[in-house]
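See below for the structure under consideration.
The values are calculated or read from the model by the stated rules, or taken from the named source; none is laboratory data. Computed from a predicted model, the values in this text were never measured in an experiment. So basically every Cβ, Gly included, is an ideal-geometry build from the backbone, and we count neighbours across all protein chains shown. Accessible surface is based on the protein model in full, side chains and every heavy atom, while ligands, DNA and RNA are left aside. Shrake-Rupley method; radii C 1.70, N 1.55, O 1.52, S 1.80 Å.
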Amino acid sequence: MNALKKQAHVAGALYLLVAVTAPLGLMVVPAQLFDATNAALTAERIRGAETLFRMGMASELFPQVVEVFLVMSLYQLFQPVNQRLARQMVWLGLIPIPIVFLNVLNEVGALLLARGADFLNVFDRPQLDALAFLLVKLHGSGLQIAAVFWGLWLIPLARLIWRSGFIPKVVAVPVMAAGVGYVLGATVSLLLPALSGALGDLIFVLLLGEPVLILWLVVFGARAAKGSPNLAPAALPC
């Protein structure tokens, strides 16, 4: 296995690890524990499933750690294609990581309020539940802010794929679509929530473009086309 293909497989494995560990915190826990309108029910579910709630927090944080290595791995793979685009990809890919870490503090606060503590006795239970619910809502909005960059980093990545010669150009199209989907979904959620229902299916379809790249990297890696330059993976930026 040549160095280019090996580096692509490494990136694919890291990308897959992010993809299989993130949904617990981003999808499963909200679906199981959060009610869109009922603060008391949400707080009661958090108290009754504290372990699941904590696992969800871990599921948000762990992929962000992996994401650092994923971004660096993709930089090594694509920097010889175009250094400017590769650097754009790195910066846009790293920005959402601290956003997610800080955003998890909202969940920590929600859990603390839902459980209660002696120093919180000045509040009654409905007040504590309402405050916990507020932090849950803020956490959801924080994820949408991170999602803006989850989309933006895919745009230079798609352009790098298109130019690379070692990953088919057709793979770049769904990756670009996924980038648009993340940005569109975040914009609708934060600024135009009335359109969420109408655009939900379209956004979901667009986001399916990201797994296309993951599967390609894992299964096929990188295969240089005949006549294309011999691109060796680059060293990490200092």
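If packing is taken as the average number of other Cβ atoms within 10 Å across a peptide's residues, how do 167-175, 153-161 rank, most packed first? Write down the numbers at each step before the final one.
On the way: 167-175: 18.4, 153-161: 23.4.
By packing density, highest mean first, the sequence is 153-161, 167-175.
Angle check, please: helix 3-21 long axis (alpha carbons) against the longest principal axis of the chain (alpha carbons), in degrees 0 to 90, nearest 10.
Value to nearest ten degrees: 10.
In degrees between 0 and 90, to the nearest 10, how far off the longest principal axis of the chain does helix 196-207 point, with axes built from Cα atoms?
40 degrees
Relative to the present Cα-Cα distance, how much length would full extension add between D118 and E50 at 0.36 nm per residue of separation? If you can, show how the numbers build up before the last one.
Numbers: separation 68, 0.36 × 68 = 24.48 nm, distance 1.86 nm.
So the chain would gain 22.6 nm between D118 and E50.
Highest mean first, how do 78-90, 200-212 rank when packing is the count of other Cβ atoms within 10 Å averaged over residues? Numbers along the way, then the final one.
Working: 78-90: 18.8, 200-212: 15.8.
Top of the packing list down: 78-90, 200-212.
Based on the mean of other Cβ atoms within 10 Å per residue, sort peptides 27-37, 132-142, 41-51 so the most packed one is first. Walk me through the intermediate numbers first.
Values: 27-37: 14.4, 132-142: 18.7, 41-51: 16.8.
Averaged packing, sorted descending, gives the order 132-142, 41-51, 27-37.
Relative contact order for the chain: what percent, with Cα pairs under 8 Å and sequence separation of 6 or more? Each step should come with its number before you reach the end.
Numbers: 333 pairs, mean separation 64.3, N = 238.
Once divided by the residue count of the chain, the mean separation gives 27 percent.
Please give the per residue accessible area of region 1-58, computed with a probe of 1.4 Å over protein heavy atoms only, in Å². Intermediate values should be presented prior to the final figure.
Numbers: 3020 Å² over 58 residues.
That works out to 52 Å² for each residue.
What's the center-to-center distance, using Cα atoms, between region 116-181 and region 12-59 in Å?
After rounding, the separation between the Cα centres reads 14 Å.
Hey, what angle do you get for helix 209-219 against the long axis of the chain, alpha-carbon based, 0 to 90 degrees rounded to 10?
Here the helix axis deviates by roughly 60 degrees.
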